[in-house]
Amino acid sequence: MAYSQPALPYADNALAPHISTETIGFHYGKHHATYIKKYNDMVAGTPLDDQNIEDVIVATANNPEKAGLFNNGAQAWNHSFYWNSLSPNGGGKPSGEIAGKIDTDFGNYDAFKEELANAAATQFGSGWAWLVLDKGQLKVVKTANAQTPLTSGMIPILTIDVWEHAYYLDFQNRRPDYVAAVIDDLLNWDFASQNFLNAQV
Ligand code: MN
């Protein structure tokens, strides 16, 4: 079924100066919108058209004949998740249950932060860095291109887009500086906590 682009959960200038209005204009307004249009065009009229986008992503993973549908569907979903992973009031240390779980699974917040920053910096080429819940344990993973933890049975908690289009207008080649700004000032821990608590039930 057609997938609609969710409204941006903040104003297009709310993440500045780290992520500029210009970046949002291209990234949300062009890149994300185009993935969604292509996904809707490709899924229409196929036997998968009655399924929701998450099920289509899982059904088309690792199938070279369905690569176009998978890539556009996964990019559509990953970007919606990314916009929610950011907040103008985000960043820094979380609180509540997820904070305790980070201490349990990573040792402490600083160790988690280093692992996430390292994953985001070392994803070669385009891709994503993720905090996921995998069989009850919080982990940091990275995925290439459109790949998503949804296809590995992991539950996404937060993500950082590390495709160049996510940061090039604001940071040029300095991906680590973009990642540091996201971690320190933008990560939406309210969204992460909600994803973590939903995974418990
Ligand atoms: Mn992107």
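Looking at (1) touching a residue at least 24 places away in the same chain (Cβ under 8 Å); (2) in contact with a Pro (Cβ under 9 Å, 6 or more places away or on another chain), which is the only condition P149 fails?
Of (1) touching a residue at least 24 places away in the same chain (Cβ under 8 Å); (2) in contact with a Pro (Cβ under 9 Å, 6 or more places away or on another chain), only one is false for P149: (1).
What do you reckon, is L15 touching a strand residue (DSSP E or B) at 6+ places or on another chain (Cβ under 8 Å) and either closer than 18 Å to W128 by Cα or touching a residue at least 12 places away in the same chain (Cβ under 8 Å) (or both)? Before the answer, list the steps.
Details: touching a strand residue (DSSP E or B) at 6+ places or on another chain (Cβ under 8 Å): yes; either closer than 18 Å to W128 by Cα or touching a residue at least 12 places away in the same chain (Cβ under 8 Å) (or both): yes.
Answer is yes for this residue.
Could we say that A11 is within 26 Å of Q137 (Cβ to Cβ), outside the structural domain of Q137 (by TED's automatic domain parsing), of a type outside the set (S, T, Y) and modelled with pLDDT of 95 or more here? Quick ask: steps written out before the conclusion?
Numbers: within 26 Å of Q137 (Cβ to Cβ): no; outside the structural domain of Q137 (by TED's automatic domain parsing): yes; of a type outside the set (S, T, Y): yes; modelled with pLDDT of 95 or more: yes.
For A11, the condition - within 26 Å of Q137 (Cβ to Cβ), outside the structural domain of Q137 (by TED's automatic domain parsing), of a type outside the set (S, T, Y) and modelled with pLDDT of 95 or more - is not met.
For segment 88-109, indicate whether the set of residues that are buried (at least 16 other Cβ atoms within 10 Å of the Cβ) and within 16 Å of the ligand (Cβ to nearest atom) is non-empty.
no
Take A120 and decide whether it is part of a helix (DSSP H, G or I), over 14 Å from I157 (Cβ atoms), within 13 Å of the chain's Cα centre (by Cα) and not assigned by TED's automatic domain parsing to the domain that holds K30.
On the way: part of a helix (DSSP H, G or I): yes; over 14 Å from I157 (Cβ atoms): yes; within 13 Å of the chain's Cα centre (by Cα): yes; not assigned by TED's automatic domain parsing to the domain that holds K30: yes.
Judged against the criteria, A120 is a match.
In the list L86, L131, which residue meets the criterion of being closer than 24 Å to K38 by Cβ and of a type in the set (A, V, I, L, M)?
Working: L131 fails: closer than 24 Å to K38 by Cβ.
Criteria check complete, one pass: L86.
Count, please, the residues in segment 146-201 that happen to be in a helix (DSSP H, G or I), within 15 Å of the ligand (Cβ to nearest atom) and of a type in the set (S, T, Y). Please lay out each step first, then the result.
Keep residues of segment 146-201 that are in a helix (DSSP H, G or I), which gives 149-152, 164-166, 168-171, 175-186, 189-200.
When the remaining residues are screened for being within 15 Å of the ligand (Cβ to nearest atom), the result is 164-166, 168-171, 175, 178-179, 182, 186.
Next, only the ones that are of a type in the set (S, T, Y) stay: 168, 178.
Here the count works out to 2.
Of all residues in segment 21-40 being buried (at least 17 other Cβ atoms within 10 Å of the Cβ) and among the polar types (S, T, N, Q), which is nearest to the chain's Cα centre (by Cα)?
Filtering first and then ranking leaves T23.
If I filter segment 126-139 for residues that are in a helix (DSSP H, G or I) and either buried (at least 17 other Cβ atoms within 10 Å of the Cβ) or within 16 Å of the ligand (Cβ to nearest atom) (or both), do I get at least one hit?
Initially, segment 126-139 is screened for residues in a helix (DSSP H, G or I), giving none.
There is no residue in segment 126-139 that is in a helix (DSSP H, G or I) and either buried (at least 17 other Cβ atoms within 10 Å of the Cβ) or within 16 Å of the ligand (Cβ to nearest atom) (or both).
Which condition number in (1) on the phi < 0 side of the Ramachandran plot; (2) surrounded by fewer than 15 Cβ atoms within 10 Å (Cβ to Cβ) is the one that V43 fails?
The one condition V43 does not meet is (2).
Taking K142 and the conditions (1) of a type in the set (D, E, K, R); (2) more than 13 Å from L86 (Cα to Cα); (3) surrounded by fewer than 19 Cβ atoms within 10 Å (Cβ to Cβ), which numbered condition does it fall short on, given that it satisfies the others?
(3)
The values are calculated or read from the model by the stated rules, or taken from the named source; none is laboratory data. These numbers were taken from a predicted model, which means no experiment stands behind them. Glycine also receives a Cβ, built like all others from the backbone with ideal geometry; neighbour counts cover every protein chain displayed.
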